[in-house]
Amino acid sequence: MTIITKLAIAASLATALTSVSIAQDNLKGLVVGFSQIGSESGWRAAETSVTKAQAEERGIDLKFADAQQKQENQIKAIRGFIAQGVDAIMVAPVVATGWEDVLTEAKEAEIPVILLDRGVDAPEDLYLTSVASDQVKEGRVAGQWLVDTVGDADCKVVELQGTVGSTPAINRKQGFEEAIAGHDNITIARSQTGDFTRSKGKEVMEGFIKAENGGKDICAVYAHNDDMAVGAIQAIKDAGLKPGTDIKVVSIDAVPDIFAAMVNGEANATVELTPNMAGPAFDALSAYLADGTEPAKFIITESKLYTPADNPQGEYDTRKGLGY
Amino acid sequence: MRRLRLERLANPQLLALVGVLAINWLLFPSFFNVTWQDGRFFGSFIDVLNRGAPVAILAIGMTGVIATKGVDLSVGAIMAVCGAVAATMVVAGYPAPIAVIAALAVGLACGLWNGFLVAVLDIQPIVATLVLMVAGRGIAQLITEGSIVTFNDPSLIFVGTGSFLGFPMAAVIAVVLMVLVTLLVRRTAIGLFIQAIGVNRAAASLAGIHSRMLLMLVYALSGLCAAIAGVVVAADIRGADANNAGLWLELDAILAVVIGGTSLLGGRFSIPMAVLGALIIQAMNTGILVSGFPPEFNLVVKAGMIILILLLQSPYAALPFKRRPAASNKSASS
């Protein structure tokens, strides 16, 4: 590569970067209130730290309020933001209902509201946009990976569901089933709830292994989150089998520990639930403030697939610092 | 004479366990197949022993508390705190034995705090232990900083996943603890004193029993048991999960004690029966897992079985089969 091409690439990169920063310069010095649900999971902690980092990068003064899982705290925080006269409000709503009054107050104060990660049951004109992942798509990406990996070979899958009746469990199950529909060689042999936890994931997997001929009949385990997959990996090892080889492991979330398992060859794939909901939210806000561009009402984040080919050690190192 | 009667009372629990295991065997014929693998027994029945151990350990401590007419709601949260302490200490580089001792000390301190509230400040046990039940999980989250602290220390992991003579370490710990505590309360007068306090604390005090001291002792023991269970659970998954470790296990422990025939009104108690109660609960859980029922049925099946077991223990259920019913048994089995 000649010096000139290198320079040209550097120059074009620099232009690309500056164009981003010019577009977002209008956010500098803005005050944005963020009402977070709490810190009930590692993912939530990562979302908080990524949001703070994204705000700092753009020169935004972020007012952070932790609601400790209570809607009344969130409503109080939003009222506080309105009283302070912030320029925009971001909310990760803890429940779907009961938001109309406070959102109307924000609208009357002409403060745009952006919902992160979960939706609400309120008229769409009460908020600017909602940034969230598509959980059905996450399941579909995981299922598609399995379809592509096993090809025509017969494959008995065991499924570790999330908490019974929870939205992510229902959607991630549906997405996976959609992806494997029409591939008769792949069947879900057993499906039980592991409550999204590592210890229940391990216990349920132990049961599955006993029930399926000591695990020899199981070709893959699909877990609705990485924590259950980490538990299942331990159960597979305890049964004298090799996770990742004898039983393939595919899960959703992309938390650091699943990358640590990938480094050891014990996990095969994970679908990312990105903690960066704030980035797209700030981009939408910037465009809206610049020239009044109404963003799409529902911004869907990418559901990226990670396999051991995607530098798991590097992913582990970067993610470990996010507070997962 | 008295011993013989106690043996007879054991029947409903043993029957229930045999019944649940028989149902498991019918639903899943290889339930009792146990093979030898990597230097340990391997099979569904071994899973029941291994997975039932944490609740059994909690139930051992809980029995003493319930026998004094109290209840300890904080054990699940104490598990989370102690697991977090052990995990963060080994990650920080302390040797495993030190980390475990520190975790047990923290559990003991939590138990003494509960005992102080109940015995000295005379707060009702359900309220006193509610304090730590709510706050404990927050403390655990502070220790782990909200994330799952994963560790790789082989000696700490051994506590949760190792084996002794082929049996899972967790089950061995539970059995040893059961024997020690049973000897402590049955070979000394402590058991009798606990029973006396449970029946009538004022009368027991008047009779010269140091009731404050004994209440502190039972709550401290419960905290210690919770700490052991917390370390076992953390070692099992090689990580301290502050949000989920021991979540709702206090209810399973209370249920195990009640299935074991100890009355919530205090008085008569049996530690081995409470451990048996924990095994019954786990036999149901494992049975549901291997049977292949859809998960939506889990709680319904469990609830149905528990109602059945409790009905079996009702003195009135035995009426048609006995010559001299209710009166003699009523105080004992409720």
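The values are calculated or read from the model by the stated rules, or taken from the named source; none is laboratory data. Bear in mind the structure is a predicted one, so any value in this text is a computation, not a measurement. In this analysis, Cβ positions are derived from the backbone assuming ideal geometry, glycine residues included, and neighbour counts consider all displayed protein chains.
Taking the residues in segment B:127-145 that are surrounded by fewer than 23 Cβ atoms within 10 Å (Cβ to Cβ) and within 17 Å of B:Gly230 (Cα to Cα) as candidates, determine which candidate is nearest to the other protein chains (Cβ to nearest Cβ).
B:Gln141
Among the residues of segment A:120-135, are any buried (at least 18 other Cβ atoms within 10 Å of the Cβ), in contact with a strand residue (DSSP E or B) (Cβ under 6 Å, 6 or more places away or on another chain), away from chain B (no Cβ under 14 Å) and part of a loop (DSSP other than H, G, I, E, B)?
Within segment A:120-135 (the criterion being buried (at least 18 other Cβ atoms within 10 Å of the Cβ), in contact with a strand residue (DSSP E or B) (Cβ under 6 Å, 6 or more places away or on another chain), away from chain B (no Cβ under 14 Å) and part of a loop (DSSP other than H, G, I, E, B)), the answer is yes, since at least one residue qualifies.
From the set of residues in segment B:243-257 that are small (Gly, Ala, Ser) and assigned to a loop (DSSP other than H, G, I, E, B), which is nearest to the other protein chains (Cβ to nearest Cβ)?
Only one residue fits best here, namely B:Ala245.
For segment B:207-214, check the following and say yes or no: at least one residue is out of contact with any helix residue (DSSP H, G or I) (no Cβ under 9 Å at 6 or more places or on another chain) and over 17 Å from B:Ala278 (Cβ atoms).
Yes, because at least one residue in segment B:207-214 is out of contact with any helix residue (DSSP H, G or I) (no Cβ under 9 Å at 6 or more places or on another chain) and over 17 Å from B:Ala278 (Cβ atoms).
Hey, can you tell me all the residues within segment A:170-188 that are closer than 26 Å to B:Asn244 by Cβ and crowded, with 22+ Cβ neighbours inside 10 Å?
A:Arg172, A:Gly175, A:Phe176
Under the condition of being within 14 Å of another protein chain (Cβ to nearest Cβ) and not in a helix (DSSP H, G or I), which residue from segment B:258-304 is farthest from B:Phe45 (Cα to Cα)?
Out of the qualifying residues, it is B:Pro294.
Of A:Val204, A:Val221, which residue is crowded, with 22+ Cβ neighbours inside 10 Å, facing chain B (nearest Cβ under 8 Å) and either modelled with pLDDT of 95 or more or under 18 Å from A:Asp154 (Cα atoms) (or both)?
Sole residue among the options that is crowded, with 22+ Cβ neighbours inside 10 Å, facing chain B (nearest Cβ under 8 Å) and either modelled with pLDDT of 95 or more or under 18 Å from A:Asp154 (Cα atoms) (or both): A:Val204.
Looking for something surrounded by fewer than 24 Cβ atoms within 10 Å (Cβ to Cβ) and in a helix (DSSP H, G or I) - is there at least one such residue anywhere in segment B:61-74?
no
Would you confirm whether any residue within segment A:93-111 is touching a Leu at 6+ places or on another chain (Cβ under 7 Å), crowded, with 18+ Cβ neighbours inside 10 Å and not assigned by TED's automatic domain parsing to the domain that holds A:Thr187?
Yes, because at least one residue in segment A:93-111 is touching a Leu at 6+ places or on another chain (Cβ under 7 Å), crowded, with 18+ Cβ neighbours inside 10 Å and not assigned by TED's automatic domain parsing to the domain that holds A:Thr187.
Can you name the number of the only condition in (1) touching a residue at least 60 places away in the same chain (Cβ under 8 Å); (2) among the charged types (D, E, K, R); (3) assigned to a loop (DSSP other than H, G, I, E, B) that A:Glu315 fails?
Among (1) touching a residue at least 60 places away in the same chain (Cβ under 8 Å); (2) among the charged types (D, E, K, R); (3) assigned to a loop (DSSP other than H, G, I, E, B), the lone unmet condition for A:Glu315 is (3).
Check off (1) part of a helix (DSSP H, G or I); (2) surrounded by fewer than 21 Cβ atoms within 10 Å (Cβ to Cβ); (3) touching a helix residue (DSSP H, G or I) at 6+ places or on another chain (Cβ under 6 Å) for B:Ala229 and give me the number that stays unchecked.
(2)
Is at least one residue of segment B:223-234 within 12 Å of another protein chain (Cβ to nearest Cβ), in contact with a strand residue (DSSP E or B) (Cβ under 6 Å, 6 or more places away or on another chain) and modelled with pLDDT under 95?
Checked segment B:223-234: no residue is within 12 Å of another protein chain (Cβ to nearest Cβ), in contact with a strand residue (DSSP E or B) (Cβ under 6 Å, 6 or more places away or on another chain) and modelled with pLDDT under 95.
Could you tell me whether any residue of segment B:181-193 is under 30 Å from A:Phe259 (Cα atoms), of a type in the set (D, E, K, R), in a helix (DSSP H, G or I) and within 21 Å of the chain's Cα centre (by Cα)?
no
Going through A:Ser166, A:Ser191 one at a time, which residue ends up being within 10 Å of chain B (Cβ to nearest Cβ), surrounded by fewer than 24 Cβ atoms within 10 Å (Cβ to Cβ) and within 30 Å of A:Arg118 (Cβ to Cβ)?
Of the residues listed, the single one that is within 10 Å of chain B (Cβ to nearest Cβ), surrounded by fewer than 24 Cβ atoms within 10 Å (Cβ to Cβ) and within 30 Å of A:Arg118 (Cβ to Cβ) is A:Ser191.
I'm trying to understand the selection: among the residues of segment B:75-124, which are in contact with a Phe, Trp or Tyr (Cβ under 7 Å, 6 or more places away or on another chain), closer than 23 Å to B:Phe158 by Cα and surrounded by 19 or more Cβ atoms within 10 Å (Cβ to Cβ)?
Those that are in contact with a Phe, Trp or Tyr (Cβ under 7 Å, 6 or more places away or on another chain), closer than 23 Å to B:Phe158 by Cα and surrounded by 19 or more Cβ atoms within 10 Å (Cβ to Cβ): B:Gly76, B:Ala87, B:Val90.
Is it true that some residue in segment B:141-150 is touching a Phe, Trp or Tyr at 6+ places or on another chain (Cβ under 7 Å) and farther than 18 Å from B:Ala235 by Cα?
Scanning segment B:141-150 turns up no residue that is touching a Phe, Trp or Tyr at 6+ places or on another chain (Cβ under 7 Å) and farther than 18 Å from B:Ala235 by Cα.
If you go through segment A:152-164, how many residues are part of a loop (DSSP other than H, G, I, E, B) and within 19 Å of the chain's Cα centre (by Cα)?
Counting residues in segment A:152-164 that are part of a loop (DSSP other than H, G, I, E, B) and within 19 Å of the chain's Cα centre (by Cα) gives 2.
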